Amino acid sequence: MKTYLETDRLILREIVAEDVDGMFELDSDHEVHRYLGNNPIKNKEEAQKSIDFIRQQYTENNIGRWAVVKKNSNEFIGWAGLKLIKETTNSHIDYYDLGYRLIKKFWGMGYATEAAKASLAYGFNTLNLPEIFAIADCDNTGSNKILTKIGLRHKQVFFLNGIKCNWYRVSREEYNEYT
Ligand SMILES: CC(C)(COP(=O)(O)OP(=O)(O)OC[C@H]1O[C@@H](n2cnc3c(N)ncnc32)[C@H](O)[C@@H]1OP(=O)(O)O)[C@@H](O)C(=O)NCCC(=O)NCCS
């Protein structure tokens with residue numbers, strides 16, 4: 001099982017089939033899906049399919065979201081990291097998107113910020129990406145706060161599947177200026 005990043009409190013590693021219970025807890029929660037289209041999953045088969053889909057991206061794109069694991073307990077608490085977006089979104093295609101999703105009982109402890117910050121650093125310092133993007137529902141206060149706090153720049157408001165969303169970007173030059 002490959003580990004990609006270690007922060008003060010977290011390990012970011014590849015998602016594996018054994019994460020199915022954690023992925024089910026994560027994606028079956030309607031509160032987690034409040035700003036993600038309101039369509040939580042109903043069974044573990046769907047969780048397994050998500051894992052397969054993410055692992056396929058590791059093979060095809062050399063990158064995909066990673067499992068976020070608490071170092072002191074080895075618990076799976078959600079996922080975070082970069083994804084290569086191959087579908088046109090807000091007139092962009094083939095770009096790297098930063099994202100995160102945590103099981104509700106782990107919210108409000110700074111874990112998402114910690115994982116997002118480390119993932120951004122990996123994108124610029126290890127993958128040498130020229131730019132990284134992110135999207136958040138305008139009403140998703142926590143997520144918008146995280147993106148701004150770690151240095152993403154708000155570029156515009158756009159509609160994604162009828163939902164008003166914020167579009168963020170940061171270039172490597174901008175990132176290097178504040179790190
Ligand atoms: C978005 C999410 C990852 C935030 O996780 P979290 O663990 O609460 O994030 P953090 O603890 O790192 O908090 C980040 C900041 O946002 C604030 N925040 C978090 N949720 C908030 C809320 N609902 N309302 C207001 N502020 C909130 C925190 O207080 C913190 O602020 P601070 O830096 O000033 O202390 C989590 O709510 C989640 O997994 N949601 C479901 C999936 C999702 O929406 N993903 C993002 C898609 S764009």
* Cα-based Rg and Dmax for the stretch 34-85, where Dmax is the largest Cα-Cα distance (Å) -> 12.6, 33
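May I ask for the longest run of the chain untouched by GluC sites (Glu not before Pro) that are loop-located per DSSP and have at most 15 neighbouring C-beta atoms (other than their own) within 10 Å?
88-179
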* Skip the ligands, DNA and RNA, and give the accessible area per residue of the chain with a 1.4 Å probe, whole Å². => 53
* To do: Return the whole-Å distance between the Cα centroid of the stretch 104-140 and the Cα centroid of the stretch 18-82.
  => 15
* Structure fact -> Of G162, G99, G142, the most mobile residue in a GNM of the chain (C-alpha springs, cutoff 10 Å) is G162
* To do: Report, as a whole number in µm² per second, the diffusion coefficient that Stokes-Einstein gives for the chain at 4 °C and 1.567 mPa s using the Kirkwood radius over alpha carbon pairs.
  => 78
* If contacts are Cα pairs under 8 angstrom and at least 6 residues apart, what is the relative contact order of the stretch 1-87 in percent? -> 30
* Structure fact -> To the nearest 20 debye, the stretch 32-110 has a Cα-centred charge dipole, built from +1 on Lys and Arg Cβ and -1 on Asp and Glu Cβ, of 440
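About the Cα centre of the chain, what is the dipole size in debye to 20, counting +1 per Lys and Arg Cβ and -1 per Asp and Glu Cβ, all else neutral?
For this selection, approximately 320 debye.
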* Structure fact -> With all protein chains present, the stretch 1-128 has a carbon and sulfur share of its accessible area (1.4 Å probe) in percent of 46
* To do: Take the chain, connect every pair of alpha-carbon atoms lying under 10 Å apart with a spring to form a Gaussian network, then pick out the residue of S91, S28, S50 with the largest mean-square fluctuation.
  => S91
* Charge dipole of the stretch 3-178 about the Cα centre (unit charges at C-beta), most positive-ward option of H92, N176, M23 -> N176
* Fluctuation leader among H30, H92, H154 - the chain, Gaussian network, Cα springs under 10 angstrom -> H92
* Asked: So what are the ³J(HN,Hα) numbers for the stretch 159-172, from phi and the Karplus equation (6.51, -1.76, 1.60; θ = phi - 60°), rounded to whole Hz, Gly and Pro as x?
  -> 9, 10, 6, x, 9, 6, 10, 8, 10, 10, 8, 9, 8, 4
* Which whole-number percentage describes the relative contact order of the stretch 75-179, with Cα contacts under 8 Å and a sequence gap of 6 or more? -> 22
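The values are calculated or read from the model by the stated rules, or taken from the named source; none is laboratory data. None of these values were measured; they are calculated from a predicted model. For neighbour counting, all protein chains shown are included, and Cβ atoms are generated from backbone atoms with ideal geometry for every residue, glycine included. These area figures cover heavy atoms from the full protein model, side chains too; ligands, DNA and RNA do not enter into them. Shrake-Rupley method; radii C 1.70, N 1.55, O 1.52, S 1.80 Å.
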